[in-house]
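Nothing in this text is a laboratory measurement; each read-out follows from the coordinates by a stated rule. Since the structure is predicted, the reported quantities are computational estimates derived from the model, not experimental observations. Backbone-built Cβ (ideal geometry, glycine too); neighbour counts: all protein chains shown.
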Amino acid sequence: MIETEAGTKASSAPARGAVPAIRLRGVSAGYGDLLALDRIDLDVPTGSLLAVIGPNGAGKSTLLKVIAGLLEARTGTIEVLGARPGIAARRVAYVPQAEAVDWEFPVTVGEVVMMGRVPRIGILRGPGTADRAAVDHALATVGMAAAVERQIGALSGGQRRRVFLARALASEPDLYLLDEPVTGVDATTQEDLMDVLEAEAKAGRTVVATTHDLACAAHRFQEAALVNRRIVATGPAKDLVLDQRLLAETYGGHVVVLPDLAGGALILDDAHHHDEAAGGERHYHEDGRS
Amino acid sequence: MSLVDFVTGPMAYGFMQRGLVAAILVGVVCAVMGTFVVLKGLAFIGDAVSHAAFPGLVIAYLLGIPLYVGAAAAAVLTALAIGAVSRRGGLRFDTAVGVLFAGTFALGILLFSTIRNYVADLFSYLLGNVLGIATEDLVQIALLGVIVLAVLYVLRKELLYSTFDPAGAAASGLPVNRLEYLLLGLLGVTIVVSIQAVGIIMVVAMLVTPAATAQLLVVRFGRMLSLAVWVAVVSAVSGLYLSYYLNVASGASIVLVETALFGAALVFSPRRGLLARRHHEPTGAAVAPGA
């Protein structure tokens with residue numbers, strides 16, 4: 001069932017996994033004078049595959065940062081894997097937006113994925129056999145085993161997303177926090193990455209990913225949360241994405257949903273609408289450099 | 001003059017021997033520290049910290065305590081203050097650094113102007129005098145340099161991760177803030193170690209130029225680090241010989257050799273050089289195979 005903000009909160013019994021991986025109550029957060037999230041409640045059951053959907057500046061990235069412990073909430077309580085944010089950090093893998101990474105940085109694909117092992121290896125020690133095996137396995141899972149020696153800047157946008165997902169996999173987390181993991185990648189890459197995330201969720205890990213792509217959210221995610229400074233609705237991804245009223249509320253009228261011939265829906269998503277007033281998130285277009 | 005004479009001639013003098021050792025030591029420490037400085041974009045901070053060492057030197061002189069101590073205190077304090085300013089915000093970061101940079105240096109000049117007699121020591125810190133380095137200075141440089149290198153070596157994988165992706169590293173539990181303060185503190189120490197050799201004004205070149213040259217040529221962190229060290233060592237040795245035979249300033253000679261090597265890399269780098277770009281427009285750098 002779809003649960004809207006006005007709806008009943010008591011009936012939010014999670015379908016999968018009794019223990020919530022993430023539990024937010026009355027969480028507000030922002031930057032300077034900007035309030036990006038306004039008193040948010042959210043429960044993410046363990047094993048969920050959750051899409052966080054909303055326009056630019058809606059607070060999607062802020063939501064991930066608050067959960068990851070990168071940004072302190074101004075109000076409210078947050079539980080991540082049963083503790084305050086940041087306490088269970090080694091069980092959390094956070095992948096930033098592609099725009100947040102310096103692609104000229106002199107590291108190879110293998111070195112980037114090994115970074116996922118650094119907290120486990122610990123200080124004063126080098127990577128061991130288990131670490132190398134985890135890196136190899138993660139690279140094979142995302143189909144990038146052959147690129148291990150290449151510099152990350154020499155990869156295409158889709159390959160870069162694959163490598164960053166491999167870094168997350170290599171850290172063997174219980175919770176994935178992924179900021180736009182399939183934005184700006186080709187259809188094959190999108191399907192491959194979603195296959196990997198689906199498998200992780202099936203194995204009992206929790207996956208939370210922001211996305212602009214309503215079609216992908218509808219087809220590949222179980223659950224969704226519509227966000228625009230507050231939670232507009234949570235529920236099965238398919239139902240939310242086909243609900244014109246909720247989408248209009250989330251996007252403020254900047255989205256059009258048309259029924260298509262196959263009985264589904266054709267979604268015209270205004271992903272490039274810039275809401276300057278809510279400029280808490282920066283959004284860049286693919287610059288075509290690679 | 002034979003080649004042997006050319007090489008061994010200057011080394012007949014103790015000040016040249018000490019100068020060579022000091023230049024190499026400083027070059028190596030700066031190149032390693034500089035690799036992090038370049039990748040983290042701390043060049044401007046490095047310049048600010050080195051200028052902030054000046055009031056520390058003058059105050060130490062006025063108080064009659066060792067100049068090194070004053071410089072170190074001022075440099076490390078400024079580095080940490082910059083770290084704190086960068087967290088608070090309200091101003092653009094480079095603006096805040098610029099204000100601090102000019103203010104601290106002005107304080108140094110003001111205090112300097114109160115000293116009536118000519119102070120050669122203080123001047124040598126402004127412009128550097130690698131040939132005036134005494135044996136006990138050399139011991140100090142070596143000791144502090146080894147400490148900086150050891151800390152960077154021990155924490156290399158944590159520093160690399162938090163430099164490349166601070167958000168990802170912090171979310172996975174690395175103490176990214178503390179690592180950043182540590183790096184700034186080490187930067188302060190590195191600068192203090194270096195200013196006696198190359199001077200406050202040129203130390204930023206020793207930090208940035210070898211690492212920047214290396215980044216143009218290689219694509220792996222480890223190789224960038226070792227190439228930066230080679231650039232620094234070659235520049236230190238050849239710069240010192242140049243200064244001896246041409247009878248020109250030693251610190252400036254070293255920095256100019258580094259600058260020339262950077263210029264050569266900028267033009268001839270097979271991946272990112274200006275010549276390579278002409279052939280591979282528009283995406284030459286991005287599609288070239290990794291080394």
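Only residues that are part of a loop (DSSP other than H, G, I, E, B) and within 11 Å of chain B (Cβ to nearest Cβ): list them for the stretch A:66-86, please.
Scanning the stretch A:66-86 gives A:G69, A:L70, A:L71, A:P85, A:G86.
Kindly provide the set of residues from the stretch B:167-197 that are within 9 Å of chain A (Cβ to nearest Cβ) and either closer than 20 Å to B:G145 by Cβ or in a helix (DSSP H, G or I) (or both), ordered by number.
B:A167, B:G168, B:A169, B:A170, B:A171
Quick check on my filter: what residues within the stretch B:100-133 are hydrophobic (A, V, I, L, M, F, W, C) and within 21 Å of the chain's Cα centre (by Cα)?
Scanning the stretch B:100-133 gives B:L100, B:F101, B:A102, B:F105, B:L122, B:F123, B:L126, B:L127, B:V130, B:L131, B:I133.
Considering the stretch B:96-119 alone, what residues qualify as being within 18 Å of B:G199 (Cβ to Cβ) and either hydroxyl-bearing (S, T, Y) or touching a residue at least 60 places away in the same chain (Cβ under 8 Å) (or both)?
Across the stretch B:96-119, the qualifying residues are B:T104, B:Y118.
Applying the selection to the stretch B:184-230, what residues are over 17 Å from B:Q140 (Cα atoms) and in contact with a Cys (Cβ under 8 Å, 6 or more places away or on another chain)?
B:V203, B:M206, B:L207, B:P210
A quick yes/no check of all residues on (1) closer than 22 Å to A:R205 by Cα; (2) touching an Asp or Glu at 6+ places or on another chain (Cβ under 8 Å):
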| residue | (1), (2) |
| --- | --- |
| A:A73 | no, no |
| A:L81 | yes, yes |
| A:R90 | yes, no |
| A:A93 | yes, no |
| A:P119 | yes, no |
| A:G126 | no, no |
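Might you check whether a residue that is within 11 Å of another protein chain (Cβ to nearest Cβ) and more than 17 Å from B:A170 (Cβ to Cβ) occurs anywhere in the stretch A:87-100?
Checking the stretch A:87-100: not a single residue is within 11 Å of another protein chain (Cβ to nearest Cβ) and more than 17 Å from B:A170 (Cβ to Cβ).
Of the residues in the stretch B:120-160, how many are surrounded by fewer than 20 Cβ atoms within 10 Å (Cβ to Cβ), within 14 Å of chain A (Cβ to nearest Cβ) and in contact (Cβ under 8 Å) with a residue 24 or more places away in the chain?
Looking only at that region, the number is 2.
So which helices (runs of 4 or more DSSP H) stay within the stretch A:129-211 end to end and still have 2 or more residues that are out of contact with any Leu (no Cβ under 9 Å at 6 or more places or on another chain) and within 14 Å of chain B (Cβ to nearest Cβ)?
Fully inside the stretch A:129-211 and qualifying: A:129-141, A:157-170.
Only one of these conditions is not met by A:V112: (1) farther than 30 Å from A:T129 by Cβ; (2) at the interface with chain B (Cβ under 9 Å from one of its Cβ atoms); (3) in a helix (DSSP H, G or I). Which number is it?
(1)
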